[in-house]
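In what follows, a single structure is set out as structure tokens and then discussed.
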Amino acid sequence: MAVISSLQWKGDHLLLLDQRKLPHQESYLKQTAIEDVWNSISSLVVRGAPAIGIAASYGLVLWSQHAETTEPSTFKAELLKQGEYLSSSRPTAVNLSWAINRIVRVTLPLSTVEKMKDAILHEALLIHKEDELVCQRIGEHGLKLLKDGDTILTHCNAGGIATAKYGTALAPLHLAKQNGLTISAIATETRPVLQGARLTAWELERAGIDVTLITDSMAAHVLKTKKIAAVIVGADRIAANGDTANKIGTLGLAHIAQAYNVPFYIAAPISTIDYSIPNGDAIPIEERDSKEITHYQGERIAAENIEIFNPAFDVTPHRLIKGIITEHGIIRTPYEENLAHLALPDIENTEVHS
């Protein structure tokens, strides 16, 4: 079965798969204004760093379609303001600001509002289309690390519904299936919002890929007792030195993988690399509503009058990462040097080694 699309541009509106309702209901929300997109990103209707960036780019398209000013300088100033507004929806995933900045840049040399509106739409469509190819290439490089019959362990959801197609961490599984190989997955449930249980397991089962669901607390036992070829997870932001922010729980998983000599990989497009920050200490960590922890399906499951700490992400130091699987190959240590190489123009599609 084809990989499901989480974003569909319809010319004058955007359709977003409501991931909050999965796996029980596949429904799309119609987005007609930039405010709709902000709310959908913030409330996890759409999630996954690449998908958030794509959604934000279409959010700027929707704003531009309704913008009434004909004065170029006023339009550009308002575009910057709207970009900052969208960036506030979720602070950790760098693809959000990356896509917004890319949209803003294409308008800078243009002299009329009409040309700017056309350029914004064209760039948003390009960002969407490019991500499909990026995910395919990540999958191709990731598949080189595996052999027929292998099992990987993954955390959270870095699949097709978190991107334009295929996903990042799950891309090797989808491509293996297409090529007649059998690569299976063990997915952690991913508390507190259960992205692994609700999304990853659903997505892989729907694609006919063998998947086993475990609770987060079972990961150490599984890595110790089962034959796991690799742990592969996605990323929301990668610092210049390779430190990586991903869904909360990833850091612990990386330590466990190291303890049991299981290689730990990050799978992410180079747009996830934030060259402006030197290391993971500078990555902003989003904290979310305490009800994600204290409530389940609308009912309180925790005691009253207790403190709640709900960070959505943690940062894995680069020393625990065996490699970063990108569209340009598998990046290995020394990360600061090799990631900087990716920022250069006309990079060849080859693997970068130490």
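Numbers at a glance
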item	result
Pair list, Cβ < 8 Å and 6+ apart or interchain, from the range 190-217 residues that are over 21 Å from residue 44 (Cβ atoms) and touching a residue at least 60 places away in the same chain (Cβ under 8 Å) to residues that are among the acidic types (Asp, Glu) and buried (at least 23 other Cβ atoms within 10 Å of the Cβ)	none
Residues that are assigned to a loop (DSSP other than H, G, I, E, B) and either aromatic (Phe, Trp, Tyr) or closer than 22 Å to residue 337 by Cβ (or both), drawn from the range 239-271	240, 241, 242, 243, 260, 263, 268, 269
Complete set of residues in the range 272-315 that are part of a helix (DSSP H, G or I), under 30 Å from residue 240 (Cβ atoms) and among the acidic types (Asp, Glu)	281
Filter result for the condition that a residue is of a type in the set (Ser, Thr, Tyr) and either touching a Ser or Thr at 6+ places or on another chain (Cβ under 9 Å) or surrounded by fewer than 18 Cβ atoms within 10 Å (Cβ to Cβ) (or both), over 154, 92	154
Residue list for the range 72-101, filter: aromatic (Phe, Trp, Tyr) and more than 14 Å from residue 120 (Cβ to Cβ)	85, 98
Yes/no for residue 19 being closer than 18 Å to residue 165 by Cα, buried (at least 19 other Cβ atoms within 10 Å of the Cβ) and either touching a helix residue (DSSP H, G or I) at 6+ places or on another chain (Cβ under 7 Å) or not hydrophobic (A, V, I, L, M, F, W, C) (or both)	yes
Residue in the range 117-133 that is within 30 Å of residue 330 (Cβ to Cβ), surrounded by 16 or more Cβ atoms within 10 Å (Cβ to Cβ) and in contact with an Asp or Glu (Cβ under 6 Å, 6 or more places away or on another chain) present	no
Complete set of residues in the range 138-174 that are assigned to a helix (DSSP H, G or I) and within 15 Å of residue 211 (Cα to Cα)	171, 172, 173, 174
Set 54, 41, 100, 34: member being touching a His at 6+ places or on another chain (Cβ under 6 Å) and aliphatic (A, V, I, L, M)	54
Near pairs, Cβ below 6 angstrom, 6+ apart or cross-chain, from the range 66-93 (within 13 Å of residue 107 (Cβ to Cβ) and in the same structural domain as residue 36 (by TED's automatic domain parsing)) to any residue that is of a type in the set (Asp, Glu) and surrounded by 16 or more Cβ atoms within 10 Å (Cβ to Cβ)	none
Test: residue in the range 282-305 that is closer than 21 Å to residue 138 by Cβ, surrounded by fewer than 19 Cβ atoms within 10 Å (Cβ to Cβ) and modelled with pLDDT of 95 or more	no
Residue ID - nearest to the chain's Cα centre (by Cα), chosen from residues in the range 323-335 that are assigned to a loop (DSSP other than H, G, I, E, B) and surrounded by 20 or more Cβ atoms within 10 Å (Cβ to Cβ)	327
Flag for residue 102 being in a helix (DSSP H, G or I), outside the structural domain of residue 195 (by TED's automatic domain parsing) and of a type in the set (Lys, Arg)	yes
All positions within the range 267-292 that are among the hydrophobic types (A, V, I, L, M, F, W, C) and more than 16 Å from residue 188 (Cβ to Cβ)	268, 270, 273, 277, 282, 283, 285
Conditions (1) at pLDDT 95 or above; (2) over 23 Å from residue 326 (Cβ atoms): number failed by residue 206	(1)
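The values are calculated or read from the model by the stated rules, or taken from the named source; none is laboratory data. Please read these numbers as outputs of a predicted model, since none were measured by experiment. Note: ideal-geometry Cβ built from the backbone for every residue, glycine included; neighbour counts use all protein chains shown.
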